[in-house]
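A.B. asks: Before I ask anything, let me first share the structure, which is written out below as structure tokens.
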Amino acid sequence: MPCSVVRDVIDLEGLRLRSQDPQAGAVIIFYGDVRNHSQQQQVSFLEYEAHESMALKQITRVVEEAQQKWELHTVEVIHRLGKLAVKECSIAIAVSSSHRGEAYAASRYIIDTIKHAVPIWKKEHFVDGASEWSKGCEACSVVEETAVPPAVVENEDL
């Protein structure tokens, strides 16, 4: 279950090879690439910053949670920091399991939870010279149906 935070280009072929497992009938590899638009503006490049040791610890925790929820053979997450050009990969996630449903669900859980909970910040630089820190992701798909709010919140008038 290797997790890493890097500043160099992510080795996607190496990730693919490491994700293979003789028991796996499904291998899902997710690449999060820098797109050329955001907020109806053209993006020039992105910058990612993080508290690296804390980010790595929390990514590891997310992977451990996924391994408790689904039967997975291999999981690896690599998040890149620094300046990234359009089309470069900012995060890569590899998940293998015996069945595709588990692999898809675990991969989705991992990316949504990382975007929502891990201290990695994204600054978007636009072609007009403006820049802005991203407000982040709500990751609504991560909320469990069985989650119960704490008693303090339950009893408050909202």
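Quick note: the coordinates plus some simple rules give every number you see, no bench work behind them. These numbers were taken from a predicted model, which means no experiment stands behind them. When we count neighbours, we look across all protein chains shown, and the Cβ atoms used for this are built from the backbone with ideal geometry, even at glycine.
A.B. asks: Of all residues being closer than 17 Å to Tyr104 by Cβ and surrounded by fewer than 18 Cβ atoms within 10 Å (Cβ to Cβ) in the range 34-67, which is farthest from the chain's Cα centre (by Cα)? Just the residue, please.
C.D. replies: Gln67
A.B. asks: Going by the structure shown, is Arg16 under 21 Å from Tyr104 (Cβ atoms) and not in a strand (DSSP E or B)?
C.D. replies: The answer is yes for Arg16.
A.B. asks: Find all pairs meeting these conditions: Cβ atoms under 8 angstrom apart; at least six residues apart or on different chains; first residue within the range 44-58 and on the phi < 0 side of the Ramachandran plot and assigned to a helix (DSSP H, G or I); second residue surrounded by fewer than 17 Cβ atoms within 10 Å (Cβ to Cβ) and not hydroxyl-bearing (Ser, Thr, Tyr).
C.D. replies: Partner pairs satisfying both residue conditions: Met54/Pro119; Ala55/Pro119; Gln58/Ala117; Gln58/Pro119.
A.B. asks: Follow-up. For the range 3-33, enumerate the residues that are closer than 18 Å to Lys83 by Cα and exposed (fewer than 12 other Cβ atoms within 10 Å of the Cβ).
C.D. replies: Arg7, Asp8, Val9
A.B. asks: Go through the range 76-104 and count every residue that is out of contact with any helix residue (DSSP H, G or I) (no Cβ under 8 Å at 6 or more places or on another chain) and farther than 18 Å from Glu64 by Cβ.
C.D. replies: So the answer is 14.
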